[in-house]
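Beneath this line is the structure, given in structure tokens, with notes to follow.
The values are calculated or read from the model by the stated rules, or taken from the named source; none is laboratory data. Small disclaimer: the values here were computed from a predicted structure and weren't measured. Backbone-built Cβ (ideal geometry, glycine too); neighbour counts: all protein chains shown. Heavy atoms of the whole protein, side chains included, go into the accessibility calculation; ligands, DNA and RNA do not. Shrake-Rupley method; radii C 1.70, N 1.55, O 1.52, S 1.80 Å.
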Amino acid sequence: LTHIALRSGRGLEGVLTIASPDGEPFDRSEARILQVFGHQLGVALENVRLLDNLQHERDLLGGILAQMADGVLVVGGDGRVLLANTVARGLFGVEQGQALPDWLVDRMGKGDGDPGARQRIAVAGRVVALSVATLAAGDGVPSATIYVARDVTREVELDRAKSDFVGYVSHELRTPLTTIKMLVRLLLMDAPAEGKQREYLTIIDTQIARQTHLVNNLLDL
């Protein structure tokens, strides 16, 4: 019997026991060949483990990307999609391996704000907030652009509704208060210094100022 240590770069992987078919002990040259074979087998076992770990990491990354609420789109230097998760495919209508459509390239290149800042683009009736980052090329890694997209259509609609509300309040409440205040001031100019008329007009003027202050506070809020 010959015991062969299965070794790899990580250390001892195990021991393989081989028996001579004729029952005779292995000579030194045969034993040496078997030891080399054992080393190569250990390396092969390590490679299998590394491949298994790599596949596990890929599955984990794929699961994370699939469950993200944001769309993730990775585009290579040649304009082809290297990676697109489910949300990105739904937002942009592109698949992995395809070239980005010209209309999408044009819109992605016209974002407002500083480079790297979140920009907004219109896509198929939706408003998409887009963050852009560059992936520098490295060993075995091509240069690429990473887009993280979020559908903010609802947020834009709410912001527009807020602006409409502020505009409505500003016009419908401020305008009549300004008119009433102006007329009260004119009446005060002709009102006698003493008497109920001036007293009542002064109270009205004070309450109008208070109401104007409340409306301003509402608009600030």
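Spacing of the modelled spin labels on Ala133 and Thr86, each 7 Å from Cα toward Cβ, amounts to 2.3 nm.
Ordering Leu214, Ala144, Val127 by Cα displacement along the dipole of region 127-218 toward the positive end leaves Leu214 in first place; charges were set at the Cβ atoms of Lys, Arg (+1) and Asp, Glu (-1). If we count every other residue with Cβ under 14 angstrom of Val169's Cβ, Lys/Arg +1 and Asp/Glu -1, where does the sum land? Value of the local net charge: -1.
Remark on Asn85: its backbone amide H falls under 5 Å from those of Val72, a criterion applied only to residues 5 or more positions apart or on other chains, H modelled at 1.01 Å from N.
Heavy-atom accessible area for Asp220, with the other protein chains in place and a 1.4 Å probe, reaches approximately 130 Å².
Relative contact order of region 167-215: 50 percent, from C-alpha pairs under 8 Å at least 6 residues apart in sequence. Potential lengthening of the chain between Val105 and Gln207 amounts to 30.9 nm, from the contour at 0.36 nm per residue minus the alpha-carbon distance. For Ser29, the accessible area of its heavy atoms, probed at 1.4 Å with every protein chain present, is near 70 square angstrom. The accessible-area ordering, largest first, of the residues Glu199, Glu194 stands as Glu194, Glu199, per a 1.4 angstrom probe.
Measuring r between the beta carbons of His39 and Leu60 and using R0 = 22 Å, the FRET efficiency lands at 0.10. The mean sequence separation of alpha-carbon pairs under 8 Å and at least six residues apart, normalised by the residue count of region 124-198, gives a relative contact order of 21 percent.
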